[in-house]
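Before any comments, here is the structure.
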Amino acid sequence: MITFTGIPMPIPFSSLGLHYGINNRLTVGTNLGITSLAFGVFQLDPGIVYGIRNPKEIGQLGISAFAKTHFMIDTWESNFRWYPELGGQVYKEWGKNLFYVGGSGWFETRYPSQKRAAGNIWVPMAHFGYIRQKPKWNLTLEAKWIAPNISHENIVVDYIGISTQGALGIYFGASRKF
């Protein structure tokens, strides 16, 4: 979310992904950044999700962890960026509803450190969300606080964050099950 001419507005980012459940604990997948492609950046985000604690009964808490990596190649400036990410979440299902809360962090690999966002090597994020599960489709609504350790003052984009820190994001998703 940014402020543009004094008006808060979302910035659309879209991706297309494919994910496959290996078993009841492990899922592998990748996303392709569609919006990034429109701006000349090839972005691919492969990763895995592992169920640490899978609920045996409805109403029990589940715990999952994930590892992703974000590859970005700017075709106009011929540069490459790589951001590994680690995270986890706690979730609870009630019937066709799933609620979750968690956190993750991107690791800033640019060298030297002056090229990193505010000189940080780690960019944390906190998120919570809701998934409505249907037989063939899942619909997701998620809120995220990105980079709460980095000030958004005096930069080109006027992000909306908490106080002067980070940026808030709202995400909508639809996934088709096969």
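One residue stands out in the stretch 147-164 among those that are surrounded by 14 or more Cβ atoms within 10 Å (Cβ to Cβ) and within 15 Å of G103 (Cβ to Cβ): the one that is farthest from the chain's Cα centre (by Cα), namely P148. If you check F4, F80 for being among the aromatic types (F, W, Y), in contact (Cβ under 8 Å) with a residue 60 or more places away in the chain and surrounded by fewer than 17 Cβ atoms within 10 Å (Cβ to Cβ), only one passes: F4. Is at least one residue of the stretch 93-112 touching a Leu at 6+ places or on another chain (Cβ under 9 Å), surrounded by 13 or more Cβ atoms within 10 Å (Cβ to Cβ) and closer than 22 Å to K177 by Cα? No - not one qualifying residue is present in the stretch 93-112.
When the residues of the stretch 35-70 are filtered to those that are under 16 Å from F13 (Cα atoms) and among the hydrophobic types (A, V, I, L, M, F, W, C), which remaining residue is surrounded by the fewest Cβ atoms within 10 Å (Cβ to Cβ)? Among those residues, the one meeting the criterion is A38.
Every condition in (1) β-branched (V, I, T); (2) under 27 Å from D158 (Cα atoms); (3) part of a strand (DSSP E or B) is met by I63 except one, and the failing one is (2). Considered as a group, the residues in the stretch 24-44 that are under 24 Å from F99 (Cβ atoms) and in a loop (DSSP other than H, G, I, E, B) include one that is modelled with the lowest pLDDT, and that residue is N24.
For G95, indicate whether it is within 15 Å of the chain's Cα centre (by Cα) and in contact (Cβ under 8 Å) with a residue 12 or more places away in the chain.
It is false that G95 is within 15 Å of the chain's Cα centre (by Cα) and in contact (Cβ under 8 Å) with a residue 12 or more places away in the chain.
The values are calculated or read from the model by the stated rules, or taken from the named source; none is laboratory data. What you are looking at is a predicted structure, and each value in this text was computed from that prediction instead of being measured. Neighbour counts are summed over all protein chains in view; Cβ atoms, including those assigned to glycine, are modelled from backbone coordinates with ideal geometry.
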